[in-house]
Amino acid sequence: MPAVAERLLTYDDAYRRIMETAAARPMPAEGAPLADLPGRVLAEDLHAPTDIPAAANSAMDGYCVRHADIAAATATAPAILPVAGHIDAGHPLPALPAGHAAYIATGGLLPEGADTVVKLEDTERLEAPERVVIRSAPPLGTYIRKRGKDMQAGALVLGQGQVLGPFEVGIVAALGRMGVQVRRRPRVALLTSGDELVMPFDDPQPWQVRNANSPLLAAAIRQAGGEPIDLGIVRDDPARAAAALERAADLGDLIITSGGISLGRRDPFTLALQTLAVEPLVHGVAIKPGKPLFFGFLKGKPLFSLPGNQASTAVTFQLFARPYLARLQGRRAPDLTTLVLPLGRPLDNRTGRDHFLRGSITTQAGTSSADPFPHQDSHLITSLSGAEILIRHPAASPHLDAGSPVTCFLLT
């Protein structure tokens with residue numbers, strides 16, 4: 001496997017190469033009940049089985065009338081109509097007699113003959129016998145929800161690739177479905193490496209570091225719709241790393257490793273991938289952080305090897321693994337959302353690589369700007385806290401003035 005420095009690709013070339021391989025690997029469809037739908041990706045088209053609403057109903061609490069009976073109403077000569085009944089949601093009145101009104105609640109079924117609703121605030125109720133006084137006629141058809149206004153029978157309501165949130169779950173239920181076909185969540189086998197790593201609950205020695213990357217990546221995988229399979233820490237032994245990688249390929253739809261992929265003499269994944277004859281589609285990208293990024297296939301399973309510094313791990317996951325997982329799930333819009341904002345402060349980038357800076361969006365006096373965090377070292381895990389965007393500082397622009405337009409990748 002060639003050294004990283006010999007195979008540096010631009011971010012755009014690396015992204016294209018990696019994402020092109022995802023198209024042929026969609027997750028199979030499976031059924032899921034309503035309670036399990038949030039966050040899942042729809043694998044079928046859903047059409048309205050009937051008109052919804054199935055009949056005209058009231059959009060307001062008030063009185064339903066025949067417009068002809070109130071058209072001439074004025075403040076000095078109001079229409080006074082006897083009340084023929086009371087219509088609450090789920091309690092219909094078959095028909096409204098001419099010259100009458102009926103109380104109707106929001107959502108109440110409009111009776112035959114009624115064609116207008118006068119809201120409650122514009123009426124006066126009289127007792128014994130019950131009558132309603134209307135001093136002004138609204139336009140014909142006021143406050144009536146027509147049949148099929150929300151969905152018409154046969155219309156496409158939700159399509160394949162739609163990510164299902166709480167609102168879409170409500171729509172599924174409104175269609176009369178107790179469950180739908182969704183893409184199976186990708187199983188992501190997760191490995192991290194390093195003789196220096198200990199568990200989060202351990203009290204580390206000065207030469208040791210708590211393993212933060214595995215929990216970080218597991219959380220990011222879940223947020224991206226995957227199911228992490230944490231296979232633990234691989235020590236700096238290439239033979240053990242190779243065995244762990246083969247097990248990961250047997251268990252996961254996708255493999256993600258963290259650390260051990262650079263040019264260090266004991267980097268286990270670099271040596272293990274050579275032993276396993278894994279050909280790199282990408283190894284080395286002209287970005288900061290994340291230069292050593294590796295992507296290839298082991299036993300037909302896509303494999304991301306991310307650099308081990310915490311910020312490098314997080315940034316390369318967001319830039320490459322997250323949109324790859326979105327494609328495996330067939331998401332309609334798999335790429336990170338980007339927007340162009342003015343830069344909040346001047347920046348220098350003389351690395352010869354595109355720099356992706358963690359930052360936030362600040363809005364003052366109605367104008368938003370992209371503000372990089374002050375500390376961007378790849379080993380500083382605190383530099384990730386509160387990050388809303390990754391700000392792309394191209395290698396081709398060594399200096400950017402404040403106010404320069406920059407492309408920002410949304411992390412939320």
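Kindly provide the set of residues from the stretch 351-375 that are of a type in the set (S, T, N, Q), under 22 Å from ASN309 (Cβ atoms) and touching a Gly at 6+ places or on another chain (Cβ under 9 Å), ordered by number. Matches in the stretch 351-375: SER360 only. The set of residues in the stretch 223-251 being in a loop (DSSP other than H, G, I, E, B) and surrounded by fewer than 24 Cβ atoms within 10 Å (Cβ to Cβ) consists of ALA224, GLY225, ARG235, ASP236, ASP237. Evaluate the stretch 91-99: report whether one residue or more is in the same structural domain as ARG135 (by TED's automatic domain parsing), modelled with pLDDT under 95 and within 44 Å of the chain's Cα centre (by Cα). No, the stretch 91-99 contains no residue that is in the same structural domain as ARG135 (by TED's automatic domain parsing), modelled with pLDDT under 95 and within 44 Å of the chain's Cα centre (by Cα). If you check ALA72 against the conditions, is it surrounded by 19 or more Cβ atoms within 10 Å (Cβ to Cβ) and assigned to a loop (DSSP other than H, G, I, E, B)? No; evaluated as a whole, the condition is false for this residue. Of the residues in the stretch 207-217, not one is of a type in the set (A, V, I, L, M) and closer than 30 Å to GLN152 by Cβ.
For ALA128, the criteria (1) out of contact with any Asp or Glu (no Cβ under 7 Å at 6 or more places or on another chain); (2) at pLDDT 95 or above hold in every case but one, which is (2). For the stretch 98-131, a tally of residues being more than 11 Å from GLY62 (Cβ to Cβ) and out of contact with any Lys or Arg (no Cβ under 9 Å at 6 or more places or on another chain) returns 8.
The values are calculated or read from the model by the stated rules, or taken from the named source; none is laboratory data. Nothing here was measured: the structure is a model prediction, and the numbers come from that model. Please note: Cβ atoms are built from the backbone with ideal geometry, for glycine as well, and neighbour counts cover all protein chains shown.
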